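Below: the structure, in structure tokens.
The values are calculated or read from the model by the stated rules, or taken from the named source; none is laboratory data. Predicted model only: the values in this text are computed from it and were never measured. Glycine gets a Cβ as well: all are built from the backbone with ideal geometry, and neighbour counts include every protein chain shown.
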């Protein structure tokens, strides 16, 4: 495991859930779950859905941009659960100094979700019009913005692999997170961008850029996931609380789909997004939990094998160590 500096700069969303009485969670002080997110609007949306009302524990949200910050906060035990992409632990395990085993794996993915509507692609590779890219092979020599750690990074790697290119064939520019990378692309500082569609959609809509390949075309599941510390999962009280929390979040997705205008208003008024961006954020964010089943694991294993063969991860790994379906019955059932 890589040595990491303790992550100290946390922007904590002011959402707390009052503790109620429950024999299953009985203790002197209400248990608190420390939950990471990368979207400051999400705690507000969950609060508006009221799904956590009466929960027998507190939820404390921490807004940290990028998977690297989420991982740092997990390793330093600032977070119990962090939000990242479904391939983040492939990269983490694949570059670990000490091999992960079922007994020693420090982190496990416990839930994954995405918008089931294919018209809202999770991740894209986009090129600026002036770059004059007609096919993937034309990406050779172009400046290419990406951020390390999650499926944004995987989109970048698999895009240049699909084009038959190597890192030496492009001018890669690494940014701290996807929003910074997108800002550089929108400002014309890089010609190519791999990451979330929302931050660059306006440039595409204006005709200043176009999508050259989507994550679905690269067979990337592109699930947003909750990654928990293994020691948290082995704590009976916290494990019960996490199961209850995920079951309530399943209901928040239902509320979201039924109240898109209310969600749009949060992005517009609280996040200060433009009307067009707020509308897109509200529609794009509608999601459902997906099972962490054998089919998903098989897809993720193919990705890990591809990254190992290309030299993008150092170790040949087994991804089933990373996916724990213990909460599927609460998160996925009757979705």
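What number of residues within the stretch 167-197 satisfy the criterion of being over 18 Å from residue 129 (Cα atoms) and either within 23 Å of the chain's Cα centre (by Cα) or modelled with pLDDT under 90 (or both)?
Going through the stretch 167-197 one residue at a time, the tally reaches 10.
Got a sec? Which of 162, 201, 206 is farther than 24 Å from residue 39 by Cα, in contact (Cβ under 8 Å) with a residue 40 or more places away in the chain and surrounded by fewer than 24 Cβ atoms within 10 Å (Cβ to Cβ)?
162
Considering every residue within the stretch 144-156, establish whether at least one is out of contact with any helix residue (DSSP H, G or I) (no Cβ under 9 Å at 6 or more places or on another chain) and over 14 Å from residue 185 (Cβ atoms).
Looking through the stretch 144-156, none of the residues is out of contact with any helix residue (DSSP H, G or I) (no Cβ under 9 Å at 6 or more places or on another chain) and over 14 Å from residue 185 (Cβ atoms).
What is the number of the single condition among (1) in contact with a helix residue (DSSP H, G or I) (Cβ under 6 Å, 6 or more places away or on another chain); (2) part of a loop (DSSP other than H, G, I, E, B) that residue 104 does not meet?
The single condition residue 104 does not satisfy is (1).
Take residue 74 and decide whether it is farther than 21 Å from residue 240 by Cα, in the same structural domain as residue 260 (by TED's automatic domain parsing) and surrounded by 23 or more Cβ atoms within 10 Å (Cβ to Cβ).
Spelling it out, it is not the case that residue 74 is farther than 21 Å from residue 240 by Cα, in the same structural domain as residue 260 (by TED's automatic domain parsing) and surrounded by 23 or more Cβ atoms within 10 Å (Cβ to Cβ).
Tell me which residues, restricted to the stretch 127-159, are touching a strand residue (DSSP E or B) at 6+ places or on another chain (Cβ under 8 Å), crowded, with 24+ Cβ neighbours inside 10 Å and over 30 Å from residue 252 (Cα atoms).
Passing the criteria: 127, 139, 144, 145, 146, 156, 159.
Would you point out which residue out of 199, 167 is in the same structural domain as residue 131 (by TED's automatic domain parsing) and over 20 Å from residue 65 (Cβ atoms)?
Residue meeting the stated conditions: 167.
Return yes or no: is residue 106 out of contact with any strand residue (DSSP E or B) (no Cβ under 6 Å at 6 or more places or on another chain), under 22 Å from residue 297 (Cα atoms) and either without any contact (Cβ under 8 Å) to a residue 24 or more places away in the chain or in the same structural domain as residue 72 (by TED's automatic domain parsing) (or both)?
Here the answer is yes, as residue 106 does meet what is asked.
If I filter the stretch 260-290 down to residues being surrounded by fewer than 17 Cβ atoms within 10 Å (Cβ to Cβ) and part of a loop (DSSP other than H, G, I, E, B), which single residue comes out as nearest to the chain's Cα centre (by Cα)?
Only one residue fits best here, namely 271.
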